[in-house]
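Undergrad: Structure incoming, see below.
The values are calculated or read from the model by the stated rules, or taken from the named source; none is laboratory data. It should be emphasised that the depicted structure is a prediction, and the values quoted were computed from it without experimental measurement. Virtual Cβ from ideal backbone geometry, glycine too; neighbours counted across all protein chains shown. We work out accessible area using only protein heavy atoms, side chains counted, and drop any ligands, DNA or RNA first. Shrake-Rupley method; radii C 1.70, N 1.55, O 1.52, S 1.80 Å.
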Amino acid sequence: RKFGFHKREIREYIKAAARNFLKIFRGDGLRLDSVHNIPWDLLQEICGDLKANFPGKALIAEVTPEDPKLCKPLGEGGCAFDSVWVHSTYYDAIKVMKGEKSEHHFGMLRGMVDLHKGFWKSSQATNSILGSHDQAGNRQGGRNDGKHHRYIVDLLGGRNNWHARSRVRLLFCLQAFSRGLPLIFQGHEIMQGGWWHVDQGLDWGLVRGGDEHAGHMMETVRQANLLRRSSKDLTDEFAQAEMCHKDGHNKIVAWARGGFLGIANFGERQWDGAEYGVCCPWKDCSVRQVLNSQALECGGWDESWTVKGDATTRVGGDAKVFAKMPKLAFLVFQKV
């Protein structure tokens, strides 16, 4: 059964409940679930009421498929949501990692790092590249179809598999570098396996027990978030991400965002010397490496860095950075 949305008292009840979350519980905002099942005019009523009474509070819509029109102002026929939950980012990540529909991978990656089609500023797209409760949740005792109903590390090989853990760290660092609002669902930050359920939530034992894999993932999350928070180029609402390097044979892709170059090696091949050339938008300058998902403290190895700390390497007149290229890694270089 559904709400009797046609009844005025039902509509007023829903709006009053929404106001209470922001007034009594002092929430920073509201996420409205499954808004495709709510009449459009009621969504406009709810958002209009909340915007008028609680200016500055964030309103996020969860909808399938993603509809940018939800973010348009009420006067333009939209609902004035601040952001929309983008599910396709997760499913595209699964396809890339599993090698499915490889002929479309560059297009998928472009949408993951830049913005989902139709959105016009970064904060309008809430991305959960590792999946949310919808993907990690399971009500069937662990049964799954290989695409959801498990934490992503399980779908990629399990938390005791080094390659699976490397892929998860790569994806999280890619999300931190990308446009959109990055979202991480509970459990991913500790490389939790299995599945989520209301009666089977966060495994605090992994946190308190000093689990090595949990520690590596938490350090990865810390470093990636710190880089994003301290970098205007990575949080600018309108600056686009330029795909500047495409190597389909080796599964290596790079993007420029302002003064940063992000490089993803989705493949199993690696270059242990600083000999792999990555195209970038710059010439005759120096860069330093500021992120490495295969750093020792993240679960990789120390020799995977091209340069560390304040050390730099040169970009020549050919507009290429010659770098070490660890397998299954996400690297970020900053122009200095």
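Undergrad: So, taking all protein chains as they sit and a 1.4 Å probe, how much accessible area belongs to residue 64, in Å² rounded to tens?
TA: 80 Å²
Undergrad: Run the accessible area of segment 265-329 with a 1.4 Å probe and give the carbon-and-sulfur part as a rounded percent.
TA: Working: 1260 of 2740 Å².
Result for segment 265-329: 46 percent of the exposed heavy-atom area is carbon or sulfur.
Undergrad: Among 10, 85, 312, whose Cα sits farthest toward the positive end of the charge dipole of the chain (+1 at Cβ of Lys/Arg, -1 at Cβ of Asp/Glu, about the Cα centre)?
TA: Going by the Cα projections, it comes out as 10.
Undergrad: Something else: If Rh is defined by the Kirkwood formula over all Cα pairs and Rg also comes from Cα, what ratio Rg/Rh do you get for segment 125-217?
TA: On the way: Rg = 12.6 Å, Rh = 13.3 Å.
With Rh from the inverse mean 1/r over Cα pairs, Rg/Rh is 0.95.
Undergrad: Using the alpha carbons of the chain, what is the convex hull volume per residue in cubic angstrom, as a whole number? Display every interim value, and only then the final one.
TA: Working: hull volume 52.2 nm³, N = 336.
Here the figure is 155 Å³ per residue.
Undergrad: At 7 Å along Cα-to-Cβ for each site, give me the label-to-label distance between residue 219 and residue 197 in nm.
TA: About 3.4 nm separates the two model spin labels.
Undergrad: I've got another one for you. How many percent of the accessible area of segment 114-247 is carbon or sulfur, using a 1.4 Å probe? Show your work: numbers first, answer last.
TA: Working: 2960 of 6170 Å².
Accessible surface attributable to carbon and sulfur in segment 114-247 totals 48 percent.
Undergrad: So what's the convex hull volume per residue for the Cα atoms of segment 32-138, in Å³?
TA: Working: hull volume 12.1 nm³, N = 107.
It is 113 Å³ per residue.
Undergrad: Taking every DSSP beta bridge with both residues inside the chain, roughly what % is antiparallel (nearest 5)?
TA: Numbers: 32 of 45 bridges.
Around 70 percent of the beta bridges assigned by DSSP in the chain are antiparallel ones.
Undergrad: Hey, could you get me the Stokes-Einstein D for segment 201-257, Kirkwood radius over alpha-carbon pairs, 20 °C and 1.002 mPa s, rounded to whole µm² s⁻¹? Let's see the in-between values first.
TA: Numbers: Rh = 14.4 Å.
Taking Rh from Cα pairs, D becomes 149 µm²/s.
Undergrad: Under the rule of at least 5 residues apart or a separate chain, name every residue whose amide H is placed under 5 Å from the amide H of residue 290.
TA: Amide H neighbours of residue 290, under 5 Å, 5+ apart: 332, 333, 334.
Undergrad: While we're on this one: Between segment 52-119 and segment 143-167, how many Å separate their Cα centres?
TA: Cα centroid to Cα centroid, the span is 24 Å.
Undergrad: Put +1 on the Cβ of each Lys and Arg and -1 on the Cβ of each Asp and Glu in segment 131-200; which of 193, 162, 132 then has its Cα farthest toward the positive end of the dipole?
TA: The residue sitting farthest along the positive end of the dipole is 162.
Undergrad: Let me check against my output: what whole-number percent is the relative contact order of segment 194-336, with C-alpha pairs under 8 Å and at least 6 apart?
TA: Details: 265 pairs, mean separation 35.6, N = 143.
Rounded, it is 25 percent for segment 194-336.
Undergrad: With a 1.4 Å probe and all protein chains kept in place, how do 184, 252 rank by accessible area, largest first?
TA: Numbers: 184 60, 252 0 Å².
Sorted descending by solvent-accessible area, the residues read 184, 252.
Undergrad: Then there is this: Please give, to one decimal in nm, the separation of the simple spin-label points placed at residue 123 and residue 296, each 7 Å out from Cα toward the Cβ.
TA: Taking the two extended label points, one gets 4.1 nm.
Undergrad: Is segment 215-300 best put as rounded, prolate or oblate by its Cα gyration tensor, with a ≥ b ≥ c the root eigenvalues, rounded for a/c under 1.5, and otherwise prolate when a/b is larger than b/c, oblate when not? Walk me through the numbers before you get to the answer.
TA: Numbers: a/c = 1.66, a/b = 1.01, b/c = 1.64.
Judged from the Cα gyration tensor, segment 215-300 comes out oblate (a/c at least 1.5, b/c at or above a/b).
Undergrad: Where in the chain are the DSSP H helices whose alpha-carbon span along the long axis reaches 18 Å or more and whose Kyte-Doolittle mean is at least -1.0? Before the final figure, lay out each step's value.
TA: On the way: long enough: 8-23 (22 Å, -0.76); 40-53 (20 Å, -0.18); 162-177 (23 Å, 0.34); 212-229 (26 Å, -0.88).
Both cut-offs are met by 8-23, 40-53, 162-177, 212-229.
Undergrad: Here's a follow-up. Which pairs, out of 57/335; 72/147; 283/308, put more than 26 Å between their alpha-carbon atoms? If you can, show how the numbers build up before the last one.
TA: Working: 57/335 36 Å; 72/147 32 Å; 283/308 21 Å.
Those over the limit are 57/335; 72/147.
Undergrad: What is the magnitude of the charge dipole of segment 138-279 about its Cα centre, with +1 placed on the Cβ of each Lys and Arg, -1 on the Cβ of each Asp and Glu, and no other charges, expressed in debye to the nearest 20?
TA: Numbers: 18 positive and 16 negative charges, 53 e Å.
Using only the charged Cβ atoms, the result is roughly 260 debye.
Undergrad: Moving to a separate point now. Rounded to the nearest 20 debye, what is the charge dipole size of the chain about its Cα centre when +1 sits on each Lys and Arg Cβ and -1 on each Asp and Glu Cβ?
TA: Taking the Cα centre of the chain as origin, the dipole is about 460 debye.
Undergrad: Heavy-atom accessible area per residue, the chain, 1.4 Å probe: how many Å²? Let's see the in-between values first.
TA: Details: 15730 Å² over 336 residues.
Ligands and nucleic acids excluded, the result is 47 Å² per residue.
Undergrad: If you don't mind, there's one more thing I want to ask. At 1.4 Å probe size, with the rest of the protein present, what percent of the exposed accessible area of segment 1-56 is carbon and sulfur atoms? Kindly include the intermediate steps, with their values, before the conclusion.
TA: Numbers: 2080 of 3840 Å².
Carbon plus sulfur share of accessible area: 54 percent.
Undergrad: Just to verify a number: what accessible area does residue 279 come out at with the full protein assembly present, 1.4 Å probe, Å² rounded to tens?
TA: Roll a 1.4 Å probe over it and residue 279 shows about 50 Å².
Undergrad: Follow-up. Which value, in Å to one decimal place, does the Kirkwood hydrodynamic radius take for segment 191-336 when every pair of different Cα atoms is included? Intermediate values should be presented prior to the final figure.
TA: Working: mean 1/r = 0.0605 Å⁻¹.
For segment 191-336, the Kirkwood estimate is 16.5 Å.
Undergrad: Report the equivalent ellipsoid semi-axes for segment 254-336 in whole Å, largest first, defined as the square roots of five times the eigenvalues of the gyration tensor built from alpha carbon atoms.
TA: Numbers: eigenvalues 75, 34, 26 Å².
Rounded to whole Å, the semi-axes are 19, 13, 11.
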